[in-house]
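Have a look at the structure below before the remarks.
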Amino acid sequence: NAGVTQTPKFRILKIGQSMTLQCTQDMNHNYMYWYRQDPGMGLKLIYYSVGAGITDKGEVPNGYNVSRSTTEDFPLRLELAAPSQTSVYFCASSNDPYEQYFGPGTRLTVT
Amino acid sequence: DAKTTQPPSMDCAEGRAANLPCNHSTISGNEYVYWYRQIHSQGPQYIIHGLKNNETNEMASLIITEDRKSSTLILPHATLRDTAVYYCIVRVLGFQKLVFGTGTRLLVSP
């Protein structure tokens, strides 16, 4: 199993551009999550999904959108990128109530 | 969710036990203690969790005080690869989001 994969690994965006961060898991997990981590800080939840077709907001959803059309994929869309969205983005999935599996992260810079 | 307090940093010599404390004085009866770690900006990795009994797995041991107001994660023989930020999280058991604080940065030195 590849686990949780994320693409791209790095990206530089100009202010106002849009992009989609990809996340795929091959563990048949129902639950998937998007977090962001600013320098020196802990992770904050952006959105999560409890299954295909079902998503909900986390702590910091503004400026982002998600969709979950399949069990495997949970893309995160950034519309009108702003410098405040410069961060490292982690996708995670789980089927256990105590363990989440994290991807390697996408490092995004908005200038 | 109960608030957790961890020291910002700790040092440990390679081969010695690393004891990472966590205070959670407002923990509720149905809340578990989870530990995750994050090695050099990789995605966090689950280590262990417990409710009130001490727990051990292949990675670490978790000691929870009898009043459940604090706990200690023990890495019995720390290696250089254990250098990481360790997060103590208190949540009810379930598929909820994890709330990460700033954790303890553990530096294991030769």
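Taken together, the values in this text are just the output of simple stated rules run on the coordinates, not laboratory data. These figures come from a predicted structure and were not determined experimentally. FYI the Cβ positions are ideal-geometry reconstructions off the backbone, even for glycines, and counts take in every protein chain you see.
Can you compute the FRET efficiency between A:E72 and B:K3 using 1/(1 + (r/R0)^6), with r the Cβ-Cβ distance and R0 = 41 Å? Round to the nearest 0.05.
With R0 = 41 Å, the Cβ-Cβ based efficiency is 0.70.
Using 21 Å as the Cα-Cα cut-off, could you pick out the over-long pairs in A:K9/A:K44; B:K3/B:K69; A:K14/B:K97; A:K9/B:K97?
Working: A:K9/A:K44 19 Å; B:K3/B:K69 11 Å; A:K14/B:K97 30 Å; A:K9/B:K97 23 Å.
Violating the 21 Å limit, Cα to Cα: A:K14/B:K97; A:K9/B:K97.
How much of the DSSP bridge set in chain A is antiparallel, in percent, rounded to the nearest 5?
Working: 33 of 37 bridges.
Around 90 percent antiparallel, to the nearest 5.
Which value results when the Cα radius of gyration for the range B:1-94 is divided by 2.2 N^0.38 Å?
1.03
Within 10 Å of each Cβ of A:91-104, how many other protein chain Cβ atoms are there on average?
The mean count of partner-chain Cβ atoms within 10 Å per residue comes to 5.
For chain B, just give the cysteines left without a disulfide-compatible partner, judged by no other Cys Cβ under 4.7 Å.
B:C12
Just how far, in whole angstrom, is the range B:61-89 from the range A:31-90 if you go by their alpha carbon centroids?
For the range A:31-90 versus the range B:61-89, the Cα centre distance is 29 Å.
Using a Förster radius of 30 Å, what is the FRET efficiency between A:N30 and B:D11 based on their Cβ-Cβ separation? Nearest 0.05, please.
0.15
Residues with amide H under 5 Å of A:L13's amide H, sequence separation 5 or more or different chain, H placed in the peptide plane at 1.01 Å from N; which?
When sequence neighbours closer than 5 places are left aside, the close amide H contacts are A:T109, A:V110, A:T111.
Taking 0.36 nm per residue of separation and subtracting the Cα-Cα distance, what length does fully extending A:D38 through A:E99 add?
In short, 19.7 nm is gained.
Please report the antiparallel percentage of DSSP beta bridges with both residues in chain B, rounded to the nearest 5.
DSSP beta bridges in chain B are roughly 85 percent antiparallel.
What residues of the range B:59-82 lie in the reach of a label at B:S25, counting those whose backbone N is under 20 Å from a point 7 Å from the Cα along Cα→Cβ?
Under 20 Å, as judged by backbone N against the label point of B:S25, lie B:64-73 of the range B:59-82.
How would B:W35, A:W34 line up from fewest to most surrounding beta-carbon atoms within 10 angstrom?
Details: B:W35 23, A:W34 28.
Lowest to highest Cβ neighbour count: B:W35, A:W34.
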